[in-house]
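The values are calculated or read from the model by the stated rules, or taken from the named source; none is laboratory data. This one's a predicted model, so the numbers in the text were calculated from it and none came from an experiment. Reconstructed Cβ throughout: ideal geometry from the backbone, glycine too, with neighbour counts over all protein chains shown.
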């Protein structure tokens, strides 16, 4: 084998590895631990957990004041 062919193959492999490293670093930088919560908006100012849950529109059907469950 000619030395030029070997050098070209090594250069091509090194270039592919550098490109792969750059793509991985970009992905890790853009997804650095951000998360989204599904908490109800405006409940951080409620005086109690009951008041916060009563004003939540997704829980209006299940609003029964006779039985309350608290999970600690």
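Residue under question is residue 8, and the condition is that it be part of a loop (DSSP other than H, G, I, E, B) and either modelled with pLDDT of 70 or more or in contact with a helix residue (DSSP H, G or I) (Cβ under 9 Å, 6 or more places away or on another chain) (or both); does it hold? Criteria not met by residue 8.
Summed over the range 12-33, the residues that are outside any helix (DSSP H, G or I) and at negative phi give a count of 2.
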